[in-house]
Amino acid sequence: MAEHPIGMSLVQNVAFLERVFWHMVGIVNLVHQQHRADSGKLTKWQEIGTAAACQFRDTKFLLTAKHVLEGVKSEDLAFLIRPTGRIEWANETQRTRFERVSLEIDSIVRCDSEDLAAIILAPDACGDVNVRFCELPEKFGEPPSNGSVLVAGYPYDERSTAEVIKHEDEIVHNLVAHSSAFWGEVVAPDKPRSGFDAESHFLIRFNPNFDGERPNRYSGAGVWLPNPHVADIGVWTPDPLLTGI
């Protein structure tokens, strides 16, 4: 379970994680990645990423990183969605194991200027699945300049092999995706950075656990900010705001 930031109790953190889990969708790129070993055999596997379930007016879509959808068409995608409505995500040992599912896709829209893409869903694609769509505003606000944000998804380095299928000339690895989350501190850039636009980007502090670890693990995952206006109503409620991908 992700450690809760200062100012949020353990119970509040669990409630916030559960709420974000409703919006978190895993993406399975069914187009096999492949590598030919020195032995001559071809090793194949499928990449896994994350998306945030969003809604703008009457359109429902999955917002993710563009590179997660590299080389795919609508029929090349499957999804990992919360299997039950039970409160279970914050405790990994209690989570229900689930299979990937198909969703009816209307189209895929890729951004020209950013590593962003949207999987536009058919109007009745999610009628009986456990996913809730984050309502996007008519107008976006400024990126956060301080505080803590939650990143939740299916990091690629926490995958594991479920089975290995060996054929005469190839080996296929079927993988299991493990979801994870962390709270990160929003920090100001200490120097100019290539491709960084302060009007639309923000930085999260990353403290590697060991030398060589890189922060590029949560491709396409939503970055969630606790709604600062919750206190205005006098009662705290888990109300995550999508603030980035």
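The values are calculated or read from the model by the stated rules, or taken from the named source; none is laboratory data. Computed from a prediction, not measured in an experiment: that's the story for all the values here. Note that each Cβ is placed from the backbone with ideal geometry, even for glycine, and that neighbours are counted across all protein chains shown. For the accessible areas, the whole protein counts, side chains as well, though only heavy atoms, and no ligand, DNA or RNA atoms are used. Shrake-Rupley method; radii C 1.70, N 1.55, O 1.52, S 1.80 Å.
Is it the case, given these coordinates, that Glu114 is open to solvent by 60 Å² or more (accessible area, probe 1.4 Å), in contact with a helix residue (DSSP H, G or I) (Cβ under 8 Å, 6 or more places away or on another chain) and either part of a loop (DSSP other than H, G, I, E, B) or β-branched (Val, Ile, Thr) (or both)?
Yes, satisfied.
Return the residues of segment 185-199 that are assigned to a strand (DSSP E or B) and among the charged types (D, E, K, R); say none if nothing qualifies.
Residue satisfying the conditions is Glu185 alone.
I'd like the residue in segment 30-56 that is open to solvent by 40 Å² or more (accessible area, probe 1.4 Å) and within 22 Å of the chain's Cα centre (by Cα) and, out of all such residues, is modelled with the highest pLDDT.
Among those residues, the one meeting the criterion is Phe56.
I'm checking my understanding of the structure. Among residues of segment 120-135 that are farther than 14 Å from Met24 by Cα and in contact with a Leu (Cβ under 9 Å, 6 or more places away or on another chain), which one is modelled with the lowest pLDDT?
Here the residue is Ala125.
Regarding segment 157-170, can at least one residue be identified that is open to solvent by 40 Å² or more (accessible area, probe 1.4 Å), in contact with a Lys or Arg (Cβ under 6 Å, 6 or more places away or on another chain) and either under 23 Å from Lys66 (Cα atoms) or at pLDDT 80 or above (or both)?
Scanning segment 157-170, I find at least one residue that is open to solvent by 40 Å² or more (accessible area, probe 1.4 Å), in contact with a Lys or Arg (Cβ under 6 Å, 6 or more places away or on another chain) and either under 23 Å from Lys66 (Cα atoms) or at pLDDT 80 or above (or both), so the answer is yes.
Restricting attention to segment 201-238, report how many residues are part of a loop (DSSP other than H, G, I, E, B), at pLDDT below 85 and not aromatic (Phe, Trp, Tyr).
Number satisfying all stated conditions: 18.
Which one is modelled with the highest pLDDT, of the residues in segment 7-29 that are part of a helix (DSSP H, G or I) and not hydrophobic (A, V, I, L, M, F, W, C)?
Filtering first and then ranking leaves His23.
Would you confirm whether any residue within segment 174-184 is open to solvent by less than 60 Å² (accessible area, probe 1.4 Å), polar (S, T, N, Q) and either part of a loop (DSSP other than H, G, I, E, B) or touching a Gly at 6+ places or on another chain (Cβ under 6 Å) (or both)?
Taking every residue of segment 174-184 in turn, at least one turns out to be open to solvent by less than 60 Å² (accessible area, probe 1.4 Å), polar (S, T, N, Q) and either part of a loop (DSSP other than H, G, I, E, B) or touching a Gly at 6+ places or on another chain (Cβ under 6 Å) (or both).
Given the criteria at pLDDT 75 or above and open to solvent by 60 Å² or more (accessible area, probe 1.4 Å), does Glu138 qualify?
Judged against the criteria, Glu138 is a match.
For every residue, the table says whether it meets (1) touching a strand residue (DSSP E or B) at 6+ places or on another chain (Cβ under 9 Å); (2) on the phi > 0 side of the Ramachandran plot; (3) without any contact (Cβ under 8 Å) to a residue 60 or more places away in the chain.
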position: Asp112; (1), (2), (3): no, no, yes
position: Arg132; (1), (2), (3): yes, no, no
position: Leu150; (1), (2), (3): yes, no, no
position: Asp157; (1), (2), (3): no, no, no
position: Glu168; (1), (2), (3): no, no, yes
position: Ala177; (1), (2), (3): yes, no, no
position: Pro192; (1), (2), (3): no, no, yes
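Could you tell me whether any residue of segment 92-106 is modelled with pLDDT under 90, over 26 Å from Trp183 (Cβ atoms) and open to solvent by less than 30 Å² (accessible area, probe 1.4 Å)?
No, because not a single residue in segment 92-106 is modelled with pLDDT under 90, over 26 Å from Trp183 (Cβ atoms) and open to solvent by less than 30 Å² (accessible area, probe 1.4 Å).
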